[in-house]
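Visitor: Starting off with a structure, shown below.
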């Protein structure tokens, strides 16, 4: 059997296969990172929702307790409402430093973090 393909044609075919494989690998890595970030955010959201519900119930109890201490129930809710108004103003003023930058940095750090098998392979190449 004779091979009718020239070395240049074989080289172009290999280059095409390599580029298709590289693109597929990039696509799979992007899907993996996206799934990792979304699942991490989802699990944190569940924890945050549980904490918020707990804080809500605790705040109702504190408002009732302060109201009883001040003589009328609704006074306690005014005090708790005022506390959260001050907290909301502080969060608005310092939102970039306290919320935006830490969340952005966390997401970027999570996206850039190599997987365990990637670390092992990189360490093997540098030994």
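Visitor: Rounded, prolate or oblate: which one fits the stretch 7-93, using the alpha carbon gyration tensor with axes a ≥ b ≥ c (rounded when a/c is under 1.5, else prolate when a/b beats b/c, else oblate)? Mind showing how you got there, number by number?
Guide: Numbers: a/c = 13.31, a/b = 4.64, b/c = 2.87.
Note, shape of the stretch 7-93 comes out prolate.
Visitor: Once you have the Cα-Cα distance between residue 83 and residue 24, take 0.36 nm times their residue separation minus that, and quote the gain in nm to one decimal. All intermediate terms of the calculation are to be shown ahead of the outcome.
Guide: Values: separation 59, 0.36 × 59 = 21.24 nm, distance 5.30 nm.
That works out to 15.9 nm of additional length.
Visitor: Helix-only estimate, please: 222 nm mean residue ellipticity of the chain, summing -39500 (n - 2.57) across DSSP H runs of length 4 or more and dividing by its residues, to the nearest 500. Please list the in-between numbers first.
Guide: On the way: 4 runs with 108 residues, N = 127.
The helix-only estimate for the chain comes to -30500 deg cm²/dmol at 222 nm.
Visitor: What relative contact order, as a whole-number percentage, does the chain give when Cα pairs under 8 Å and 6 or more residues apart are counted?
Guide: Numbers: 33 pairs, mean separation 18.8, N = 127.
With pairs under 8 Å counted, the relative contact order is 15 percent.
Computed from the coordinates by the stated procedures, all read-outs in this text should not be read as laboratory data. Keep in mind the model is a prediction, meaning the values are calculated, not measured.
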